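The values are calculated or read from the model by the stated rules, or taken from the named source; none is laboratory data. Quick caveat, the model's predicted, so the values are computed rather than measured. Counting neighbours? That spans all protein chains shown, and the Cβs are built from the backbone with ideal geometry, glycine included. Note: accessible area is taken over every heavy atom of the protein model, side chains too, but ligands, DNA and RNA are not part of it. Shrake-Rupley method; radii C 1.70, N 1.55, O 1.52, S 1.80 Å.
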Amino acid sequence: MSQPHDKNKKKRPRWRTKKRMVPAGAAPGTMHVDPTADETIIRVITANNGSFVDREHVSIAQLEQMLESPSWIWIDVSGLGTESSLKRIAELVKIHPLAMEDVLHVNQRAKVDQFGDSLFVVARMIDGTDARDSEQISFILRPNILVSFQQRHGDCWDPVRIRIRDGKNAFRSHSIDYLLYALLDSIIDSYFPFIDQLADQLDHIDESITLGLEDGAFDKLHQLRSQLLALRRVIRPHRDMVNQLIRDDYDLIVPETRIFLRDCYDHVIHVSDSTDTYNEAANGIRDYHMSMVSNRMNEIMKVLTIMSSIFIPLSFVVGLYGMNFNTDLPGNMPELNIPHSYEYLLLFMACAAVGMLLYFRKKKWI
């Protein structure tokens, strides 16, 4: 998977996409390399019925020689920070300027475009830790040539490379479009462990809220919903992209490969449906948490209201008999001179409080 970013680097706010590097009004097809991007590293894999070559850190001169081979060739370019190398690759493989512009503008959604005799495909890969910072993967498919551009170093394609080396699944006998399918399928399959991780977090948050162990649970739920929403934005365009590869009449996609792409499409649908399901579950847990908080607040307010209702008449009695009238004069609280009047008053107040509680219980207010 992709390597994590340097923690010392300043990160952009999560709700914003990466800014366009090309200034407004620039000519179509303008290449503009991000100066903060990773250094460009070229890895080349060639294979046919009798040989296999996997070479890392290939120079431009070596790449030019390897392109003369009659076997199919996979040019894996990781890092988009070396402008001279990228321009030379575009010249050697004859990549359309508009396609190369989209390769360097790494905020593209998953899509398919055809430029003459080449096919341009964009997918997005997550690094397994944060769906809000997905990586753009661009493919250029030409007869016997596949070029992949990775935004950052590190990927999920080692199983595919091993299968090519071992000659499994007839990689060496299939056309180059089968390799494109295998790489796309590997990207889609990398979403499943991430979704399982989010599902485990969702279960833990649900249990914490249900049991009342809510220390930071609501904040975690908010972060989880943000991840699910970002994942849904990333995965949904893949449905149209893979479906377009299956349905449209592209000469570079042979009928045998379309059968495998249908399986890849099923995986995309599975990821998309799972994301929607867990997002709805997260919304349900959020509503459940809010209802629990509201009910708890209502219980507190009910107790406080009952206490206030009981003490209001008692406060009236106490305030009434707390007035300093001269009892020697006629009409000025003569009951204060009755023997044991203090005990009688306390008994009256206790009876009033008990009577009000019984009345509240009869009305089912408590």
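So the values come out like this:
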item	result
Checking ASP276 against (1) in contact (Cβ under 8 Å) with a residue 40 or more places away in the chain; (2) in a loop (DSSP other than H, G, I, E, B); (3) surrounded by fewer than 16 Cβ atoms within 10 Å (Cβ to Cβ), the condition it does not meet	(2)
Search result, residues across region 251-296 that are among the basic types (Lys, Arg) and over 30 Å from ILE209 (Cα atoms)	ARG258, ARG262
Test: residue in region 217-228 that is in contact with a His (Cβ under 7 Å, 6 or more places away or on another chain), open to solvent by 10 Å² or more (accessible area, probe 1.4 Å) and either assigned to a helix (DSSP H, G or I) or over 30 Å from VAL122 (Cα atoms) (or both)	yes
Residue match in region 237-253 (condition: open to solvent by 70 Å² or more (accessible area, probe 1.4 Å) and closer than 20 Å to ARG124 by Cβ)	yes
Single condition THR257 does not satisfy, out of (1) in contact (Cβ under 8 Å) with a residue 12 or more places away in the chain; (2) open to solvent by 20 Å² or more (accessible area, probe 1.4 Å); (3) polar (S, T, N, Q)	(2)
Filtered residues of region 132-162 (kept if under 23 Å from ASP38 (Cα atoms) and not in a strand (DSSP E or B))	ARG132, ASP133, SER134, GLN151, ARG152, HIS153, GLY154, ASP155, CYS156, TRP157, ASP158, ARG161
Leading residue by the ranking (farthest from the chain's Cα centre (by Cα)) among those in region 45-82 that are assigned to a strand (DSSP E or B) and β-branched (Val, Ile, Thr)	VAL53
Among (1) assigned to a helix (DSSP H, G or I); (2) open to solvent by 50 Å² or more (accessible area, probe 1.4 Å); (3) of a type outside the set (S, T, N, Q), the one test that PRO339 misses	(1)
